[in-house]
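The values are calculated or read from the model by the stated rules, or taken from the named source; none is laboratory data. Keep in mind that what you see is a predicted model, and the values were worked out from it rather than measured. All Cβ positions, even for glycine, are placed from backbone atoms using ideal geometry, and neighbour counts span all protein chains on display. We work out accessible area using only protein heavy atoms, side chains counted, and drop any ligands, DNA or RNA first. Shrake-Rupley method; radii C 1.70, N 1.55, O 1.52, S 1.80 Å.
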Amino acid sequence: MMRKQVTVLGATGSIGVSTLDVLARHADSYAVFALTGHTRMDVLLAQCLAHNPAYAVVTNAEQAVSLQARLQDAGLATRVRHGEQALAEVAADERVDVVMAAIVGAAGLVPTLAAAKAGKRVLLANKEALVMSGALFMDAVRSSGAELLPIDSEHNAIFQCLPADYAKGLASSGVRRILLTASGGPFRSMPLEQLSQVTPEQACAHPNWSMGQKISVDSASLMNKGLELIEACWLFAARPDQVDVVVHPQSVVHSLVDYVDGSVLAQMGNPDMRTPIAHALAWPERIDSGVSPLDLLTTGQLVFEAPDLQRFPCLRLAREAAEAGGTACAMLNAANEVAVAAFLQRRIGFTDIPVIIEQAMNCLPVAQVIDLEHIMLADQQARQCAFDWLAARA
Ligand code: NAD
Ligand code: MG
């Protein structure tokens, strides 16, 4: 049997590393076509040595020259390319079967969309790409016949709990609502008055998951759940009011689907991203992921509680953007990216994050989305509003 050819966008990150771990367990079924990385060139080099891809893609020419020389010294034929065009090409290449979209943030939009347009099996970790481009992205998937499989643990869980024909509409599938679980992050029960003083280190110390910095901060602010609410609406053709968020600090139930007959289906498992990665790679088959079996007897109690919107205004802002539609979600995402970067650089406090986002949302009108240029423009304008806020404060 021919091995499936896989491109991993964002190979050097947390999801990228987990993906390569799963692929290495099934080297008879999958070959690595291309690996991409933005920083951590030593990690990318080691990954190339281990997986021997046809291509490696980096951000700039300097990185490309240096990595190419090191690969040649090691006797590898891997060709190194650089830049956004190259990212899109290794995602859309006709030799590729599967693309793992695991670049973080808006930087992943163009290559992820290229994979969707080229009709690939797209394993979507890069939720920001779908949040930004929504209808445009889903149209590309439909018209190319791409297979879009969610990697976000919640959406992967929902996908597993929905009937096979959910695309005909949630109501006609007997679905009452989708329940998106949230861990609540590291600040779920911290006294409110301490929130403004928390450090990036505290925000990145997630109780259950080990992830990249940006998504860790998003998890602490619950913006991650807000982005996931928007993501769920696009993936499952749901209205925002059909998606509820429930805080579940143990991160064992990864999400649930509530049916009109009173049945509630949940997917459970240890919090390890290799489960959704293996699921989406092999779907509809099942393969070993390396994740240890869930031991219910040592799991202890499962707790569920309502999210505190006063503590976590980002969740409210995301729901408002989901309801507004158009360019609102791209604006929300862009302002959040600027705010999170500023927080990580210790330029603002944690509680400034929703303040920046809200003022960026208010400084621009929501426009209709006709094409990618509209999205990029909204993204740029919202970033500018957020930068202006930062400059005015400095
Ligand atoms: P990470 O920061 O660990 O890795 C990000 C990857 O993107 C790296 O390979 C980096 O080199 C690349 N990258 C960053 N900026 C880039 C740029 N400008 N151009 C090209 N490449 C760039 O992040 P992560 O935790 O692996 O998350 C990746 C995506 O998956 C995010 O969208 C995140 O929301 C989503 N996700 C992650 C997890 C998780 O457990 N880590 C879970 C669900 C969803
Ligand atoms: Mg998630």
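Overview of values
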| item | result |
| --- | --- |
| Residue among Arg346, Arg274, Arg286 that alone is charged (D, E, K, R), modelled with pLDDT of 95 or more and outside the structural domain of Lys225 (by TED's automatic domain parsing) | Arg346 |
| Hey, Ala146 away from ligand 2 (no atom under 13 Å from the Cβ) and open to solvent by 40 Å² or more (accessible area, probe 1.4 Å) or not | no |
| Residue that is free of Cβ contacts under 8 Å to residues at least 24 places away in the same chain and either open to solvent by less than 10 Å² (accessible area, probe 1.4 Å) or among the charged types (D, E, K, R) (or both), where the choices are Asp21, Asp97, Asp73 | Asp73 |
| Options Met223, Met268, Met211; residue that is within 16 Å of ligand 1 (Cβ to nearest atom) and open to solvent by 50 Å² or more (accessible area, probe 1.4 Å) | Met211 |
| Residue in region 179-196 that is farthest from Phe236 (Cα to Cα), counting only those that are of a type outside the set (S, T, N, Q) and assigned to a strand (DSSP E or B) | Ala182 |
| Test: residue in region 181-191 that is away from ligand 2 (no atom under 16 Å from the Cβ), buried (at least 22 other Cβ atoms within 10 Å of the Cβ) and either assigned by TED's automatic domain parsing to the domain that holds Val303 or under 27 Å from Asp272 (Cβ atoms) (or both) | no |
| Matching residues, region 197-224, being part of a loop (DSSP other than H, G, I, E, B) and out of contact with any Pro (no Cβ under 7 Å at 6 or more places or on another chain) | Val198, Thr199, Ser210, Met211, Gly212 |
| Residue list for region 343-360, filter: under 20 Å from the mean Cα position of the chain (by Cα) and either outside any helix (DSSP H, G or I) or surrounded by fewer than 21 Cβ atoms within 10 Å (Cβ to Cβ) (or both) | Leu344 |
| Where Phe137 falls short, out of the listed (1) under 15 Å from Phe33 (Cβ atoms); (2) open to solvent by less than 10 Å² (accessible area, probe 1.4 Å) | (1) |
| Pair list, Cβ < 8 Å and 6+ apart or interchain, from region 367-385 residues that are outside the structural domain of Leu113 (by TED's automatic domain parsing) and under 15 Å from Ala321 (Cβ atoms) to residues that are open to solvent by 40 Å² or more (accessible area, probe 1.4 Å) and assigned to a helix (DSSP H, G or I) | Ala367/His374; Gln368/His374; Val369/Ala135; Val369/Leu136; Ile375/Leu136; Cys385/Gln359 |
| Within region 186-208, tally of residues that are away from ligand 1 (no atom under 12 Å from the Cβ) and either in contact (Cβ under 8 Å) with a residue 60 or more places away in the chain or of a type in the set (Ser, Thr, Tyr) (or both) | 11 |
| Complete set of residues in region 100-117 that are within 13 Å of ligand 1 (Cβ to nearest atom), touching a Ser or Thr at 6+ places or on another chain (Cβ under 9 Å), open to solvent by less than 10 Å² (accessible area, probe 1.4 Å) and under 18 Å from Thr19 (Cα atoms) | Met100, Ala101, Pro111, Thr112 |
| Selection from region 98-143 of residues that are of a type in the set (S, T, N, Q) and within 16 Å of ligand 2 (Cβ to nearest atom) | Asn126 |
